[in-house]
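All remarks here apply to the structure that follows.
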Amino acid sequence: MEKIVIEGGHRLEGTVAVSGAKNAALPILVSSLLTEGWNTFHNVPDLKDIRTIKRLLIDLGANVETSQSVVKVDAGGLNSYEAPYDLVRTMRASVLVLGPLLARLGGARVSLPGGCAIGARPINLHLNGLEELGASISLEHGYIEAQARSLKGAEIYFDVVTVTGTENIMMAAVLAEGLTTLRNAAREPEVVALAEALNRMGARITGAGTPVIKIRGVKTLKPISFTIIPDRIETGTFMVAAGVTRGNIKIVGCEPNHLGAMINKLQQTGITVEEETDGLRVVGTETISSVDVKTLPYPGFPTDMQAQFMVLMCLTNGLSVVSETIFENRFIHVSELQRMGADITVSGTTAVVRGGRRLTGAPVMATDLRASASLILAGLAAEGTTEVSRVYHIDRGYECIEKKLAQLGGHLWRTRA
Ligand code: EPZ
């Protein structure tokens, strides 16, 4: 097992490049199941979750070739419709194959994901949507068995905004007969990117990026060449890294249009965020102001940045209220931050962060992807040495985070635990 060791107190300076977005790459790689022939995807990050989805695609009978950040997928030889327990339990996003497999093969057998560290995370809305499109769904021996002789367009309303739910139904509906309307659809940039990829394949999707998405079914789709959008959560994590070290960094290869809520919140704390021709300049401030933050579906403040932002709030002289409205158990980083001296009180879905305490380095344990990122940020800001164990969580979603931060002058490295 590996750990990341951080010697805190070093100001970040320089330029860092953002990788492709994990949460855009996952559904887009899966969308190749809807086509026959070679798809070419550029700017695909080299992450554990991406390796898992490639393994699943190969398991299903697709050919997959990788050369640096280019991934090619040909699903012409699709010969299985099963996503096994071992892969789904490693990565819940494996359920994204449900919609495309149903559309292409008329059936899918996908292990039902259980809860995870951050919440129960049901997939009832994915299943309801597929039923509305005409699939019959049952649960047998821990597997979702979905069958559909043909899928028919339908009106689907999501009770809760769901990102992968919207993506799954969109991928099923592109080959359904007639018009599908998704209401209260997720508006995340990753949903828009998937719709763009599908449209490039020949799908007829309008409204992606708004709460109402319309999908007019087509008979077949063709393979494409497509570039994955930049990772907005990685970008946000670097922005906070500049803030907690009072640094001055430039982030290149990012998409400022996807970062509205994050930029706004950071500016309210006194941090300078400015657009330059080829990226974003982020300059920390000595006195960080406390602000309240509430996670919401896009364009609100992302839940995937809540843990990182909380570290910044630990460094103010005031009081900040952090409300988590997306996942019911996404404060697991708090007890680790408390071990580093943070003064945080959690009550239900609200955390009250009292600034003005010194953070001091400590051995801490990563519990999920974004929680791990917050511990690394806390380590950069703390006095002394922090050791973050169980770093496999961070490798799921950040490409060489310790190398990128070290390039900016952070003192951190990976070692065997
Ligand atoms: C996506 O997860 C992301 N994952 C998550 O990224 C992200 O935190 C989340 O969206 C919210 O932005 C990928 O894109 C692969 P949801 P997803 O369905 O789609 C409830 C990361 O760190 N819900 O939008 O699984 C659910 O319980 C992560 O990269 C239902 O009730 O999240 C939650 O409360 C982790 N029924 C809310 O909706 C359903 O059928 C939003 O979840 C589906 C969801």
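The values are calculated or read from the model by the stated rules, or taken from the named source; none is laboratory data. Predicted, not measured: the structure shown is a model, and the values here were computed from it. Note: ideal-geometry Cβ built from the backbone for every residue, glycine included; neighbour counts use all protein chains shown. Areas reflect the complete protein model, heavy atoms only, side chains present, ligands, DNA and RNA absent. Shrake-Rupley method; radii C 1.70, N 1.55, O 1.52, S 1.80 Å.
Distance between the C-alpha centres of the range 286-326 and the range 384-417: 22 Å, rounded to the whole angstrom.
Projecting label points 7 angstrom from Cα along Cα→Cβ for residue 328 and residue 274 puts them 4.7 nm apart.
Sorted by packing (mean other beta-carbon atoms within 10 Å per residue), highest first, where do 98-109, 233-244, 31-42 land? Intermediate values should be presented prior to the final figure.
Details: 98-109: 23.4, 233-244: 27.0, 31-42: 21.2.
Order by mean packing, descending: 233-244, 98-109, 31-42.
Spin-label model, residue 358 to residue 199: label points 7 Å out along the Cα-to-beta-carbon direction sit 5.6 nm apart.
Taking 19 Å as the straight-line reach from the Cα of residue 265, the lysines in range (excluding those fewer than 8 positions away in the same chain) are 250, 294. Using a Gaussian network model of the chain with C-alpha springs under 10 Å, which one of 194, 47, 359 is most mobile by mean-square fluctuation? For the chain, modelled as a Gaussian network with Cα springs under 10 Å, the answer is 47. By the helix-only formula, in which each DSSP H run with n ≥ 4 contributes -39500 (n - 2.57) and the sum is divided by residues, the chain has a 222 nm mean residue ellipticity of -9000 deg cm²/dmol. Per-residue packing, averaged as other Cβ atoms within 10 Å, sorts the ranges 168-181, 367-380, 209-222 into the order 367-380, 168-181, 209-222, beginning with the highest. Working from Cα pairs under 8 Å separated by at least six residues, relative contact order for the chain is 21 percent.
When the solvent-accessible area of the chain is split by element, carbon and sulfur atoms take up 47 percent of it, the probe being 1.4 Å. Taking the simple approach of a point 7 Å from Cα along Cα-to-Cβ for both residue 68 and residue 257, what is their distance in nm? With each label point 7 Å from Cα toward Cβ, the separation is 2.6 nm. Of all DSSP-defined beta bridges confined to the chain, some 70% are antiparallel rather than parallel.
Dipole check for the range 22-227: with +1 at the C-beta of Lys and Arg, -1 at the C-beta of Asp and Glu, and the Cα centre as origin, the magnitude is about 320 Debye.
Normalised Debye scattering of the range 42-127 at q = 0.18, 0.25 Å⁻¹ gives log10 I(q)/I(0) of -0.82, -1.29, counting only Cα atoms as equal scatterers and leaving out solvent. Summarised in one figure, the compactness ratio Rg/Rh of the range 354-407, Cα atoms and Kirkwood Rh, is 0.98.
How far, in nm, would the chain grow between residue 2 and residue 413 when pulled straight, counting 0.36 nm per residue and subtracting the alpha carbon separation? It would help to have the intermediate numbers written out before the result.
On the way: separation 411, 0.36 × 411 = 147.96 nm, distance 1.04 nm.
Between residue 2 and residue 413, full extension yields 146.9 nm more.
Which lysines does residue 48 reach when only Cα atoms under 24 Å apart count, and residues fewer than 8 places away in its own chain are ignored? Leaving aside lysines fewer than 8 places away in the same chain, those within reach of residue 48 are 3, 22, 72, 403, 404.
With 10 Å bins beginning at zero, the pair-distance distribution over Cα atoms of the chain amounts to 5, 23, 31, 24, 13, 4, 0 %.
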